[in-house]
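Notes for the one structure printed next.
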Amino acid sequence: MIDTYQRALIVGAGDGLSASVARALAGAGLKIGLAARNVDKLQPLMSETGAVARACDVTQPEQVEALFVQMDHDLGGSPDVVIFNPSARIRGPFVELEREGVANALSVSAYGGFLVAQAAAKRMLPNQHGAILFTGASASVKGYPQSAPFAMGKFALRGLAESIARELQPHGIHVAHFVIDGAIRNPGRTEPADAPDSMLDPDAIARSYLHVLHQDRSAWTFEVALRPWVEKF
């Protein structure tokens, strides 16, 4: 239940969905920690929510571990809600994809998810309490042409989420995966006037994250698929 959570860490924070989630969690009374490669862009959100922020490259194990050590101190205890948002996208014809870019995309989306979730679980297991939430995409469940690396990373992240849900939920740790099936409205991208509500509202998505944290453990959700009303299945 939401009133049992005290501290949240949002990894891969920015001014879009993660900002909406940060506001929602702060409004529910949680202390907020933010992590991103570039924390300078987070200053307005920090001022608004009282959050603390640390720089972190999720593909580097030592940086992820340092992030959690810092947040243990900054938040006055280990985060009991951890949200993983990072992803990397590289597009192009399959036979022309640059191998190093593909390796990086997989490292951010999948390996980064593993590192963050493992660090979170190590801190949550002794208390038999916590929540680890993963942000997925349409590509988590369906591959698109010229987008193989993104699908590979998101499929892998979904597999990670499902596997650790089966392992950790019996120990009091709620693991959930969110399929964001459609474009998200943000400050730099809005729907045309003749197609209102054809993009996902980030504040509405954030309310779904908050709803999952409200759930009683007798009826936990593992996966939520969110799509605007005009999106094709």
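The values are calculated or read from the model by the stated rules, or taken from the named source; none is laboratory data. Just so it is clear, the model here is predicted, and its values are computed rather than measured. Backbone-built Cβ (ideal geometry, glycine too); neighbour counts: all protein chains shown. Ligands, DNA and RNA are stripped out before the accessible areas are found, and what is left, the full protein with its side chains, is counted by its heavy atoms. Shrake-Rupley method; radii C 1.70, N 1.55, O 1.52, S 1.80 Å.
A compact table of results
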{"item": "Kirkwood hydrodynamic radius (C-alpha pairs) into Stokes-Einstein, the stretch 44-140, 37 °C and 0.692 mPa s, D in µm²/s", "result": "218"}
{"item": "Whole-Hz couplings from phi, Karplus 6.51/-1.76/1.60, listed for the stretch 120-135; x for Gly and Pro", "result": "5, 4, 4, 7, 7, 4, x, 8, 6, 7, x, 9, 10, 10, 10, 8"}
{"item": "For F134, residues with placed amide H under 5 Å, excluding near neighbours", "result": "F84, A176, H177, F178"}
{"item": "Percent carbon-and-sulfur accessible area, the chain, ignoring ligands, DNA and RNA, probe 1.4 Å", "result": "53"}
{"item": "Gaussian network model of the chain, Cα within-10 Å springs - most flexible of R166, R99, R217", "result": "R99"}
{"item": "Under the Karplus curve 6.51 cos²θ - 1.76 cosθ + 1.60, θ = phi - 60°, whole-Hz ³J(HN,Hα) for the stretch 108-115, x wherever Gly or Pro sits", "result": "5, 6, 9, 5, x, x, 4, 4"}
{"item": "Efficiency of FRET between D15 and R207 - r from beta-carbon atoms, R0 22 angstrom, step 0.05", "result": "0.75"}
{"item": "Highest-first arrangement of 200-210, 181-191, where packing means the average Cβ count within 10 Å", "result": "200-210, 181-191"}
{"item": "HN-Hα J in Hz across the stretch 165-171 - Karplus 6.51, -1.76, 1.60, θ = phi - 60°, x for Gly and Pro", "result": "4, 5, 7, 9, 4, x, 9"}
{"item": "Semi-axes of the equivalent ellipsoid for the stretch 96-137, Cα gyration tensor, largest first, Å", "result": "30, 10, 4"}
{"item": "Where GluC sites (Glu not before Pro) fall in DSSP loop in the stretch 95-161, at most 12 other Cβ within 10 Å", "result": "E98"}
{"item": "L9 long-range amide H proximity, modeled H, under 5 Å", "result": "G33, V81, V82, I83"}
{"item": "Partners for K154 among lysines (Cα-Cα distance below 22 Å; same-chain residues under 8 apart left out)", "result": "K142, K232"}
{"item": "Per-residue [θ]222 nm for the chain (sum of -39500 (n - 2.57) over DSSP H runs n ≥ 4, rounded to 500)", "result": "-11500 deg cm²/dmol"}
{"item": "Solvent exposure ordering (accessible area, 1.4 Å, most first) of F68, F94", "result": "F94, F68"}
